[in-house]
1. Just to confirm my filter: which strands (runs of 3 or more DSSP E) fall fully inside segment B:31-74 and include at least 1 residues that are on the phi < 0 side of the Ramachandran plot and away from chain A (no Cβ under 13 Å)?
2. For segment B:45-93, name all the residues that are open to solvent by less than 70 Å² (accessible area, probe 1.4 Å) and in contact with a His (Cβ under 9 Å, 6 or more places away or on another chain).
3. Output the residues belonging to segment B:13-29 that are open to solvent by less than 70 Å² (accessible area, probe 1.4 Å) and either of a type in the set (A, V, I, L, M, F, W, C) or more than 14 Å from B:GLY105 (Cα to Cα) (or both).
4. For the list (1) surrounded by fewer than 20 Cβ atoms within 10 Å (Cβ to Cβ); (2) touching a strand residue (DSSP E or B) at 6+ places or on another chain (Cβ under 8 Å); (3) under 22 Å from B:SER39 (Cβ atoms), I need the number of the one condition that A:THR106 fails.
5. Step by step: first the residues of segment A:84-103, then only those that are open to solvent by 40 Å² or more (accessible area, probe 1.4 Å) and out of contact with any Asp or Glu (no Cβ under 9 Å at 6 or more places or on another chain), then the one that is farthest from the other protein chains (Cβ to nearest Cβ). Which residue is that?
6. Given the structure, is B:VAL110 more than 11 Å from chain A (Cβ to nearest Cβ), β-branched (Val, Ile, Thr) and open to solvent by less than 10 Å² (accessible area, probe 1.4 Å)?
7. For segment A:55-83, enumerate the residues that are open to solvent by 20 Å² or more (accessible area, probe 1.4 Å), away from every other protein chain (no Cβ under 11 Å) and not in a loop (DSSP other than H, G, I, E, B).
Amino acid sequence: EPEVTQTPSHQVTQMGQEVILRCVPISNHLYFYWYRQILGQKVEFLVSFYNNEISEKSEIFDDQFSVERPDGSNFTLKIRSTKLEDSAMYFCASSVVGEQFFGPGTRLTVL
Amino acid sequence: AQSVTQPDIHITVSEGASLELRCNYSYGATPYLFWYVQSPGQGLQLLLKYFSGDTLVQGIKGFEAEFKRSQSSFNLRKPSVHWSDAAEYFCAVGEDDYKLSFGAGTTVTVRA
């Protein structure tokens, strides 16, 4: 069964460093998303991506964040200068219509 | 703006007993509604979804949910809980472009 994959599973970084979180969506999916979940809190929408451009973003998704689909398979989330409060689990998701399939997540720890 | 409320933060249930998790939503149009389950350290697994049609929806692992428009609710139920159902459960509403808004989650503990 096709699934969304994410790498790495855990990333530790120093405050101010850049990180790139990687996702491989399900191959025939057209919509791509990033969500985050701060420990003990609910899952929050960050950004959606369709047809090679951002279709919607939340207020969390400020200038420090960017997304890219560099080739036909990968979908990345970049945080330019990480802050302590960026520590969270980041989930990638993809969909065709409606139902989103989530990856296992990348736990980002900012020290 | 849409929102999802899960009134119960934590529920403890005995194995074999029934379970009901409440979800209320606020959304102007006909919502797409979802229940996801998250085991500790794991990702989100879709239990079931409602887009249209029959308001009683069957999902995986013996779960079902009922959409009640008049109450703006989408409660999740399972007749007999297994120890493996201990997890966190999230209700979510999908918007026009299928962005999901999640509730705060309900943690389910199953006691023997």
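The values are calculated or read from the model by the stated rules, or taken from the named source; none is laboratory data. Nothing here was measured: the structure is a model prediction, and the numbers come from that model. Glycine gets a Cβ as well: all are built from the backbone with ideal geometry, and neighbour counts include every protein chain shown. Just the protein is used for accessible areas: all its heavy atoms, side chains included, with ligands, DNA and RNA removed. Shrake-Rupley method; radii C 1.70, N 1.55, O 1.52, S 1.80 Å.
1. Values: elements: B:32-38, B:45-50, B:56-58, B:64-68.
Output list reads B:56-58, B:64-68.
2. The one that is open to solvent by less than 70 Å² (accessible area, probe 1.4 Å) and in contact with a His (Cβ under 9 Å, 6 or more places away or on another chain): B:GLY62.
3. Within segment B:13-29, B:VAL13, B:SER14, B:GLY16, B:ALA17, B:LEU19, B:LEU21, B:CYS23, B:SER26, B:TYR27, B:ALA29 qualify.
4. For A:THR106, the exception is condition (1).
5. So, considering only residues that are open to solvent by 40 Å² or more (accessible area, probe 1.4 Å) and out of contact with any Asp or Glu (no Cβ under 9 Å at 6 or more places or on another chain), the one farthest from the other protein chains (Cβ to nearest Cβ) is A:LEU84.
6. no
7. Across segment A:55-83, the qualifying residues are A:SER66, A:VAL67, A:GLU68, A:LYS78.
One line per residue, one yes/no per condition, for (1) farther than 24 Å from A:PHE101 by Cβ; (2) in contact (Cβ under 8 Å) with a residue 40 or more places away in the chain:
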site	(1), (2)
B:ILE11	yes, yes
B:GLU15	yes, yes
B:THR30	no, no
B:VAL37	no, yes
B:LEU46	no, no
B:HIS82	yes, yes
